[in-house]
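A short reminder: the numbers here are calculations on the coordinates, not readings from a lab. Source: prediction; values computed, not measured. Please note: Cβ atoms are built from the backbone with ideal geometry, for glycine as well, and neighbour counts cover all protein chains shown.
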Amino acid sequence: MMARRNKGPALDAPRGRGGMLQRTPQPSRDRFGRFSEAFARAMGTSGFLLGMTVFVVVWLAWNTLAPRELQFDPREFNYTLLTLILSLQASYAAPLILLAQNRQDDRDRVQIEQDRQRAERNLADTEYLAREVVALRMAVNDFSDQVLTRDVLRAELRVLLDKLEHADQDEDEEGAAR
C-alpha cells in the first residue's frame, strides 16, 4: 500500500469536526425570507393601512395643536421627522415586498412543474387505459361469434332438448317394435 504524500484532507473520507474544511455557521436565509413574507403580508392588510393612518393623524395633530415646547416635529419645519420616518419605512418595505414576491414566484414555478409532471402522468395513464379498452374491444369483436349470450345458450339448450326428445322417442319406438 502506498503512503499518502499530500497532507490535505482526504476527499474520499467524511469530513470531521476539526480541520480546514469546517463551515462557519450562516444565518438562515429561509428565516429572513419568512420574515419578509410576513412583513409583506401584514403591509397588505386594511389593519396596517388603518394603523398607519391613525399614526400619521395623531402625529400631525400632536405637532400642530400641542404647545410649542411639547412638539417634537413642528409644522414650521414641514414635519421633517415624519417625512424621514415614512421614507425609511418605504425604503425597507419595497425590497422586502420584492423578496416576498420572488419567493412566491419560486414556489409557483415549483408548483407549475409539479402540475406539469402530474398532467403528464395522467395523460400517460389515460393513453394506457385507452389502449387497453381498444384491445378489449378488439378481442370481443374477434370472438363475438364465440361469446356466449343468454339467447345463444337458450337456443343451444333447445336444440339439445329436441335431440334428447327425439332420442327418447326413437328408443320408445325401438322398444315397442321388439
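Checking each residue in region 34-87 for being outside any helix (DSSP H, G or I) and more than 27 Å from residue 101 (Cα to Cα) picks out 66, 67, 71, 72, 73, 74, 78, 79. Looking at 152, 110, 159, 134, can you tell me which residue is assigned to a helix (DSSP H, G or I), under 30 Å from residue 36 (Cα atoms) and aliphatic (A, V, I, L, M)? Being assigned to a helix (DSSP H, G or I), under 30 Å from residue 36 (Cα atoms) and aliphatic (A, V, I, L, M) holds for just one of 152, 110, 159, 134, which is 110.
Consider region 88-132 and keep the residues that are over 18 Å from the mean Cα position of the chain (by Cα) and small (Gly, Ala, Ser). The one that is surrounded by the most Cβ atoms within 10 Å (Cβ to Cβ) is 100.
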